[in-house]
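*Asks:* Attaching a single structure in structure tokens format; questions to follow.
Throughout, read-outs are computed from the coordinates displayed, never taken from laboratory work. Just so it is clear, the structure is predicted and the values come from calculations on it, not from any experiment. Please note: Cβ atoms are built from the backbone with ideal geometry, for glycine as well, and neighbour counts cover all protein chains shown.
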Amino acid sequence: MTAVPLPTPSFPGPDAGSEPGPFHLLAKPAGAICNLDCTYCFFLSKELLYEGSRFRMADELLDRYIRQLIEAHGPAPEVTVAWQGGEPTLMGLDFFRRSLAYERRYARPGQRIVNTIQTNGTLLDAQWARFFRDNDFLVGLSVDGPRAMHDAHRVDKGGRPTFDRVMRGLRLLREHGVQWNALTTVHDANAAHGREVYAFLRDECGARHLQFIPIVERTTQQHLAAADAGWGTRAKDRPLYRQEGDRVTARSVTGEQYGRFLIDVFEDWVRRDVGTVYVQMFDVALANWYGVPPSLCVHSETCGRALALEHNGDVYSCDHFVEPAHLLGNIGQWHLLELVDSPRQREFGRAKRDALPRFCRECDVRFACHGGCPKDRFDRTPDGEPGLNHLCAGFKAFFHHVDRPMATMAALLRRGLPPALIMRRYADDDAVRPHNAPCPCGGGRKWARCHGRPAPRATDTGARAATRTG
Ligand code: SF4
Ligand code: SF4
């Protein structure tokens, strides 16, 4: 799943067209270079693609990129410039100041340029926070939950925990009134704690926009041991991560775990946070129930409109396919638009739909799932056909679970009413639910011992004090 901070979704009318919308490009000005060494971050290994490089986008290339990006959007009223990594703040503030200068130079009259940046937050200071606020950057901050869950995999080059440094960065963002999203990966250390993670992000961190990104690190039997050791510089003989093999690392989630995580969060969200907390997966599901294209490629019919730009100008089909077989070309030789709209890229995007196994084509929640991301389609269907998504069991469980509430919220929207009205129905049902009744989350516990009581709290977060000013 492409992790990128997203503006608050809005729902166009049901007749909105399904033509591919404007494309999205994740630019990596420092390539795969990062000051951290998160064990599940397969992207760290992409450094191996550019051995000998300085991993810094040159000024001439930055100028060319911003110009081509804006040209490629034609008269569109809005263009998004999305920075990612690696860790993009390693480029320093002056790089982003120059980028803004180029944006002002090339924007059409009246055109709005939106800047987003995904960061681990550990290098932020007051200057960065002021810069983000003054220039309306939307910041995606990587935080995996309370201390122990976050530090399970998000460590620095010395293997040291990063939780306190991230909370410090978050405090600065909140003190300065910067718009931010929580980007939270779901992995072996937090998958069983959906409610706790959600309550932490909402209450301790003050997050109002959240994305939950499943960790699926795919590998071959040959590379499994090396992959389990991680992809960063601390790992000896790390392989280049490629989308191949049908094994996964021990950090990866199973479909069942991911589905349970989403359901656990949903059951809390739908009772108190509809309309005030935006969870990307729930918005995406609602869009599909409502009948409009969702904002996330993973659960869209086709994809191919979310590409990646490396520090040297190389453009790849997708952030998850930064590997030689999916290199489209370099913007020094081709205009960005030629690469984005190339037959190869269109074929890449169509393959998401056209390569679905029959099991998916006949699935009752296909309209909401669309088979998930092709990168995760390395399992076999029950009748042995290849190409089933590794997370299928979780998708099925989640989409079946939310069928009724999503249909209800979509119906409210069609009547011009806020989906948040659904919370009243839940409150009415809960008021008469016996304590010993099974919890409607389906997790097997009694209501009073499950979603009928407040979510468990992490005991050692260190976050509330760090974020109380936000
Ligand atoms: S392969 Fe397609 S669905 Fe998957 S992240 Fe890339 S663009 Fe999105
Ligand atoms: S839920 Fe499973 S079978 Fe259904 S479309 Fe998604 S991946 Fe395919």
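*Asks:* Tell me what the chain gives for mean residue ellipticity at 222 nm when only DSSP H runs of n ≥ 4 count, each as -39,500 (n - 2.57), the sum divided by the residue total, rounded to 500 deg cm²/dmol.
*Replies:* Computed ellipticity for the chain at 222 nm equals -9500 deg cm²/dmol.
*Asks:* Just the number, please: percent antiparallel of the DSSP beta bridges in the stretch 123-243, rounded to the nearest 5.
*Replies:* Around 10 percent of the beta bridges assigned by DSSP in the stretch 123-243 are antiparallel ones.
*Asks:* Here is a follow-up. Report relative contact order for the stretch 33-173 in percent, whole number only (criteria: Cα-Cα under 8 Å, sequence separation at least 6).
*Replies:* Relative contact order for the stretch 33-173 comes out at 29 percent.
*Asks:* Among Lys28, Lys236, Lys396, Lys157, what is the fewest-to-most ranking by other Cβ atoms within 10 Å?
*Replies:* By the 10 Å Cβ count, ascending: Lys236, Lys157, Lys396, Lys28.
*Asks:* Taking amide H atoms as placed 1.01 Å from N in the peptide plane, list the residues 5 or more away in sequence, or in a different chain, whose amide H sits under 5 Å from that of His209.
*Replies:* Placed amide hydrogens put Ala182, Tyr278 under 5 Å from His209.
*Asks:* Before anything else, pin down the relative contact order of the stretch 334-470: Cα pairs under 8 Å, at least 6 apart, normalised by residue count, whole percent.
*Replies:* 11
*Asks:* If you don't mind, another one. Could you please state, rounded to a whole Å, how far the C-alpha centre of the stretch 95-120 is from the C-alpha centre of the stretch 304-322?
*Replies:* Centre-to-centre distance over Cα atoms comes out at 19 Å.
*Asks:* Report for the chain the percent antiparallel among DSSP-assigned beta bridges with both residues inside it, nearest 5.
*Replies:* In the chain, DSSP labels about 30 percent of beta bridges as antiparallel.
*Asks:* Need the list of lysines near Lys396 for cross-linking: C-alpha distance under 21 angstrom, and skip anything on the same chain fewer than eight residues off.
*Replies:* Lys352, Lys375
*Asks:* Further question on the same structure: With bins 20 Å wide starting at 0, give me the P(r) of the chain over every alpha carbon pair, in whole percents.
*Replies:* Values per bin, smallest distances first: 24, 60, 16, 0.
*Asks:* Given a cut-off of under 8 Å on Cα pairs at least six residues apart, what relative contact order in percent is computed for the chain?
*Replies:* Value for the chain: 19 percent.
*Asks:* Among 271-277, 215-221, what's the highest-first ranking by average C-beta atoms within 10 angstrom per residue?
*Replies:* Going by the mean number of other Cβ atoms within 10 Å, highest first, we get 215-221, 271-277.
*Asks:* Pop out the ³J(HN,Hα) list for the stretch 27-43 in order, Karplus 6.51 cos²θ - 1.76 cosθ + 1.60 with θ = phi - 60°, rounded to Hz; leave Gly and Pro as x.
*Replies:* Here the 3J(HN,Hα) series is 9, 10, x, 10, x, 8, 6, 9, 7, 9, 9, 4, 5, 8, 6, 4, 5 Hz.
*Asks:* Here's another thing I want to ask about it. I need the GluC sites (Glu not before Pro) found in the stretch 27-83, filtered to DSSP loop residues with at most 10 other beta carbons within 10 Å of theirs.
*Replies:* Passing sites in the stretch 27-83 are Glu51.
*Asks:* Right, here's the next one. Give me, ordered by chain and number, the residues 5 or more places off Ala82 or on other chains with an amide H under 5 Å from its own placed amide H.
*Replies:* The answer is Leu25, Ala27, Thr116.
*Asks:* Can I ask one more? Checking understanding here: applying a Kyte-Doolittle mean of at least 1.6 and a length along the axis of at least 27 Å (C-alpha), which whole DSSP H helices in the chain pass?
*Replies:* The qualifying helices: there are none.
*Asks:* Once each part is reduced to its C-alpha centroid, what is the distance from the stretch 140-212 to the stretch 397-446 in angstrom?
*Replies:* About 27 Å separates the Cα centre of the stretch 140-212 from the one of the stretch 397-446.
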